[in-house]
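Written below as structure tokens is the structure these notes are about.
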Amino acid sequence: MGNIVITVSREYGSGGRLIARRVAEQLNIPFYDKEIIAAVAKKTGLAEGFIREAERRPVRSFLFDLYRSAQNLSLSDQVFLAETAVIRDLAEKGSCVIVGRCADYVLREREDLLRVFVHAPLSRRCRRAAEEYGVRDVEDLEGYVSKLDKQRSSYYNYFSTSRWGDAHNYELCVNSELGVEQTAELICQAARGREGGGHG
């Protein structure tokens, strides 16, 4: 298989991170998720906990802030720019799987890119949140899951000119109700089929 960079965006509770890890294992290529936070912490000197918090709270307009001046960028914007540099460096090193952090948008010009969006019905995602993620002390579980999706959507829409979850932005959108292994295999098949080809 030629060089391939796979970005995985996902709804909360869809199992997207687990699926992405299985894809990396099956293709025997590096997997990057929280490793990006560690790399940004090393690059910026910021604490990992602070970076995680900055990812959740973008405000105003990133493009407007960028236009004004780098000196006026919020810490969230500065974290995003550092993550962008890390993501591009990782992709340059060779084939890999990258989870979240607008990687599909950051790397959109690459010819060897496969952009994936993993989704699932809300009821299934709530069940996974409770049974696998240990989210139990929440009165309105559906509201909680939907709120986290909204945070992901807001983050993505804030930093990109695309819309989170819009099928037009991905080569593959897949419902993880197929099962973790089956979903991972579908993504692997798509990756093997691209062989470094363009978006067409």
Pop out the carbon and sulfur fraction of the accessible area of segment 107-190 as a percent, whole number, probe 1.4 Å.
46
So, with points 7 Å from each Cα along the Cβ direction, the Ala167-Lys34 label distance in nm works out to 3.4
Amide hydrogen neighbours beyond the local backbone of Cys173, cut-off 5 Å, H modeled:
Phe117
How about segment 118-169: which GluC sites (Glu not before Pro) there lie in a loop by DSSP and see at most 16 other Cβ atoms within 10 Å?
Glu132, Glu139
Rounded to whole angstrom, the alpha-carbon centroid of segment 113-127 lies from that of segment 144-162 at a distance of 14
Using 1/(1 + (r/R0)^6) with R0 = 45 angstrom and r between the beta carbons of Arg52 and Leu178, what's the FRET efficiency to the nearest 0.05?
0.90
Express the accessible area of segment 133-200 per residue in Å², computed with a 1.4 Å probe while the remaining protein chains stay in the model.
58
Could you run the Karplus curve 6.51 cos²θ - 1.76 cosθ + 1.60 with θ = phi - 60° over segment 139-150 and give me ³J(HN,Hα) per residue in whole Hz, x for Gly and Pro?
5, 10, 5, 4, x, 5, 5, 5, 5, 5, 4, 5
What chymotrypsin sites (Phe, Trp or Tyr not before Pro) in segment 102-141 are in a loop by DSSP, with at most 16 other Cβ atoms within 10 Å of the Cβ?
Tyr133
Taking only pairs that are 8 or more places apart or on different chains, how many Lys pairs in the chain have Cα atoms under 24 angstrom apart?
7
What residues qualify as long-range amide H neighbours of Tyr12, i.e. H under 5 Å apart, gap of 5 or more or another chain, H built at 1.01 Å from N?
Asp149
Suppose a student asked you for the relative contact order of the chain, using Cα pairs under 8 Å spaced at least 6 residues apart; what percent would you report?
37
Of Phe80, Phe50, Phe31, the most mobile residue in a GNM of the chain (C-alpha springs, cutoff 10 Å) is Phe50
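The values are calculated or read from the model by the stated rules, or taken from the named source; none is laboratory data. Please read these numbers as outputs of a predicted model, since none were measured by experiment. Positions of Cβ are generated from backbone atoms using ideal geometry, with glycine treated the same way; all protein chains shown enter the neighbour counts. Please note that ligands, DNA and RNA were not included when accessible areas were found on the heavy atoms of the full protein model with its side chains. Shrake-Rupley method; radii C 1.70, N 1.55, O 1.52, S 1.80 Å.
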